Amino acid sequence: MLKIKIANKLLLFFALSMLLFSACLTNPLTGQRTMAFVNNSELFPMAFEMYDDFIAENTVVTGTPDALMVERVGRRLADAAHRWLTIEGVPHYLDDYEWAFTLILDDTVNAWVLPGGKVVFYTGILPVTLNEAGLAAVMGHEIAHALLNHGQQRMSASLLQEIGALGISLTTAILIPEFHDMALLAYGIGSTLGGTLPFSRRNELEADEYGTILMAIAGYDPIEAVAFWERMMALSSGGSVPQFLSTHPSNASRIRNLERLVPAARQKATEFGVYF
């Protein structure tokens with residue numbers, strides 16, 4: 001009886017897997033099909049609520065030159081994104097986005113974005129961005145994450161990993177129950193090192209690529225992205241974890257990649273009347 005119940009769960013697992021694998025969308029900027037197990041119509045409201053909760057619990061900086069710069073650069077890049085997507089034939093792609101560009105009083109050297117366009121900068125990153133163009137490099141990267149629906153992809157990848165764990169659990173329970181726990185442990189390590197972490201690093205490099213194009217369209221020289229990451233590398237002083245254990249590329253590989261991307265970003269900007 002127990003094996004029959006497990007077998008029924010296994011059939012349900014395969015049916016659910018087939019349904020999820022069919023849930024993909026094509027991004028208008030990359031032209032690539034990506035996982036979209038959760039619709040933005042569901043994801044965006046959750047992200048906006050998370051943003052509101054975060055803002056209520058932290059100190060927002062307003063009215064200062066730095067806060068005004070964050071807002072100005074953000075709006076300039078959001079406008080560039082709209083012009084770019086209009087050229088690509090999808091002028092309404094951003095209709096559901098609710099942009100916000102917020103500066104938080106915190107010494108953490110970081111910035112992040114939520115699905116739907118909520119961008120947060122910490123005051124601790126401003127000495128590293130150094131100037132408006134440096135800030136635009138980070139802002140372009142974060143906005144690119146939002147445009148490329150990386151939040152949606154990460155949530156989908158997480159769900160896919162959970163489905164894989166369920167499949168391993170059900171299969172081993174039927175066929176080799178004595179190896180059930182060991183199989184789940186091996187799957188967890190393997191799917192993280194071979195799937196989740198490389199996937200996250202690819203998202204970061206993709207955001208670098210489209211972020212440099214975006215900042216160039218907005219009139220900021222993308223070479224400033226290289227300069228920013230050189231400052232970040234100097235700040236880390238070699239204290240970063242090995243790349244294969246990290247969600248982000250190493251600073252050195254990121255710099256090399258950005259140097260390669262600068263000419264193409266500048267060339268793309270010429271389509272919008274921007275020259276460097």
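Per-residue accessible area for Thr123 at 1.4 Å probe radius, Å² rounded to 10?
Near enough 30 Å² of accessible area.
Sort 95-108, 214-227 by packing, meaning the average of other beta carbons within 10 Å per residue, with the highest value first.
Descending packing order for the listed peptides: 214-227, 95-108.
Where does the charge balance sit around Glu42 when Lys and Arg score +1, Asp and Glu -1, over other residues with C-beta under 13 Å from its C-beta?
-2
Pull out the extension gain between Val109 and Thr30, defined as 0.36 nm times the separation in residues minus the alpha carbon to alpha carbon distance; nm, one decimal.
Net length gain for the segment: 25.5 nm.
Sorted by mean Cβ packing within 10 Å, highest first, what order do the peptides 76-83, 111-118, 41-48, 58-65 take?
111-118, 76-83, 41-48, 58-65
Note down the nm distance, to one decimal, between modelled labels 7 Å out along Cα→Cβ at Asp66 and at Asp79.
Spacing of the two 7 Å Cα→Cβ label points: 2.5 nm.
Local charge sum around Ile255 (other residues, Cβ-Cβ under 15 Å, Lys/Arg +1, Asp/Glu -1)?
For residues surrounding Ile255, the net value is -1.
Please state the shape class of region 55-136: rounded when a/c is under 1.5, otherwise prolate if a/b exceeds b/c and oblate if not, all from the C-alpha gyration tensor.
It is prolate, given that a/c is not under 1.5 and a/b is the larger ratio.
Shape call for region 36-90 from the C-alpha gyration tensor, a ≥ b ≥ c root eigenvalues: rounded (a/c under 1.5), prolate (a/b greater than b/c) or oblate?
oblate
The values are calculated or read from the model by the stated rules, or taken from the named source; none is laboratory data. Owing to the predicted nature of the structure, the values given are computational and were not obtained by experimental measurement. Here Cβ is always computed from backbone atoms with ideal geometry, including for glycine, and neighbour counts include all displayed protein chains. Accessible surface areas use protein heavy atoms only, side chains included; no ligands, DNA or RNA. Shrake-Rupley method; radii C 1.70, N 1.55, O 1.52, S 1.80 Å.
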